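Asks: Below: one structure in structure tokens.
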Amino acid sequence: LPTPPRLGDIVCDASGRRWAVLDAARTTLGSRWRCTARNLAVVYGLDDTINVLQAAYSKGVGGAMQPNWLPWKTGIRARIQPVATDIDSEYQARASTTRCLIFVEESLTLDHRHRIQGPDGTVYKVVGVNEAERIGELQSIEAEVTPWP
């Protein structure tokens, strides 16, 4: 490597597994680096595979712009962790909203134009993104289950 590995860098092995560098030191004769790394997918139990959908807007029947959700990134290792279900009762109608934290193996740049599609087809609306605060932690996405389509 022309530069030393930095803390938090991601190293991919021959089978495509991703490892976060926690420590790096030169080995004999200074020609190689020995890295202590952690497979975050194993540590955080990333047993699900999600897809990120992005909105492509087009005019609907009435002329208003409507989103058409298309795959943007696919096959991302993740863990979907339900947090709470809120029951709303307004005007005698009852509805529930399920909130989740979605931990992802790789950092994603997300905003209001994105949705997460779970392995069972459930679609989640992105309501917030929390960047990893320390090396060896994962980005988490705050999301709500959406009625689909």
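Asks: Please state the relative contact order of the chain as a whole percent: Cα pairs under 8 Å, 6+ residues apart?
Replies: Details: 310 pairs, mean separation 27.0, N = 149.
This gives 18 percent for the chain.
Asks: In a Gaussian network model over the chain where Cα atoms closer than 10 Å are linked, find which of Leu29, Leu138, Leu53 has the largest mean-square fluctuation.
Replies: Among Leu29, Leu138, Leu53, the largest mean-square fluctuation in the Gaussian network model of the chain belongs to Leu29.
Asks: Sticking with the crude label model, points 7 Å out along Cα→Cβ, report the distance from Asp47 to Asp88 in nm, one decimal please.
Replies: 3.2 nm
Asks: If you don't mind, another one. Name the most mobile residue of Val83, Val61, Val104, meaning the one with the largest mean-square fluctuation, in a Gaussian network model of the chain with Cα contacts below 10 Å.
Replies: Val61
Asks: Among Gln54, Gln117, Gln66, whose mean-square fluctuation peaks in a Gaussian network model of the chain (Cα, cutoff 10 Å)?
Replies: It is Gln66.
Asks: Here is a follow-up. Can you pull the accessible area of Thr85 for me, 1.4 Å probe, Å² to the nearest 10?
Replies: Accessible area, nearest 10 Å²: 80 Å².
Asks: Something else now. Leaving ligands, DNA and RNA out of it, report the carbon-plus-sulfur percent of the accessible area of segment 1-120 at a 1.4 Å probe.
Replies: Working: 4110 of 8230 Å².
On segment 1-120, the fraction of accessible area on carbon and sulfur atoms equals 50 percent.
Asks: Please list Leu22, Leu7 in order of solvent-accessible area, largest first, computed with a 1.4 Å probe with all protein chains present. Let's see the in-between values first.
Replies: Values: Leu22 55, Leu7 105 Å².
The residues order as Leu7, Leu22, largest area first.
Asks: Scan [x] 1.00; [y] 1.11; [z] 0.92 for the value of Rg/Rh (Cα atoms, Kirkwood Rh) calculated from this model and give just the label.
Replies: It is the one labelled [y].
Asks: Further, regarding this structure: Over the heavy atoms of Tyr57, what accessible area does a 1.4 Å probe trace out, to the nearest 10 Å²?
Replies: Surface accessible to solvent at Tyr57 totals approximately 110 Å².
Asks: Now for a separate question. Considering only protein heavy atoms, what per residue accessible area in square angstrom results for the chain with a 1.4 angstrom probe?
Replies: Values: 9880 Å² over 149 residues.
Accessible area per residue: 66 Å².
The values are calculated or read from the model by the stated rules, or taken from the named source; none is laboratory data. Everything numeric in this text was worked out from a predicted model, so none of it was measured. Cβ atoms come from the backbone with ideal geometry, glycine included; neighbour counts cover every protein chain shown. Calculation scope for accessible area: heavy atoms of the full protein, side chains included, ligands and nucleic acids excluded. Shrake-Rupley method; radii C 1.70, N 1.55, O 1.52, S 1.80 Å.
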